[in-house]
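Here is the structure we will look at, set down as structure tokens.
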Ligand code: CUA
């Protein structure tokens with residue numbers, strides 16, 4: 001009779017563990033799928049340059065206070081090679097990779113964005129000071145990694 005009781009306890013324990021385990025998985029899945037910025041859309045990495053807005057890389061003015069910069073990252077550079085944006089305006093960078101994982105990291109700022117193939121990687125930034133900002137790739141992406149850079153000119 002004692003064994004029977006123990007079996008019940010173990011069965012109960014097993015069910016509780018299972019429920020706990022499933023809730024942890026559920027919560028984790030939710031946390032990883034949930035992007036409050038809404039900036040994690042997907043894109044076919046083989047068709048980046050044919051897919052809007054990446055078929056037209058460059059700086060686009062959205063409204064009086066907002067600019068969008070569309071950038072294609074590939075081994076080993078960024079398109080467009082020259083980026084010019086105004087100081088004090090909201091700049092939304094959208095970067096997609098056509099090959100491997102790169103990064104889009106702007107020196108002297110907190111912009112340090114991974115550029116994962118298959119994703120549209122988005123970051124907003126407002127430059128407070130005019131000047132030249134160096135953009136480098138911080139993710140090792142191959143033999144040309146150290147040469148992968150561009151500059152942003154921030155103008156008054
Ligand atoms: Cu691209 Cu390192």
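Just so you know, all these numbers are worked out from the coordinates, no wet-lab data involved. All figures in this text were calculated on a predicted structure; none of them were measured in a lab. Positions of Cβ are backbone-derived with ideal geometry, glycine not excepted, and every protein chain shown enters the neighbour counts.
Before moving on, here are some points about what is shown:
- Protection proxy ranking of 80-93, 47-60 - average other beta-carbon atoms within 10 Å, highest first: 80-93, 47-60
- Burial ranking of peptide ranges 97-108, 131-142 (average Cβ count within 10 Å, highest at the top): 97-108, 131-142
- Exposure proxy order (Cβ contacts within 10 Å, fewest to most) of 147, 76: 147, 76
- Between residue 50 and residue 81, the modelled label-to-label distance comes to 2.6 nm, taking each label 7 Å out from Cα in the direction of the beta carbon.
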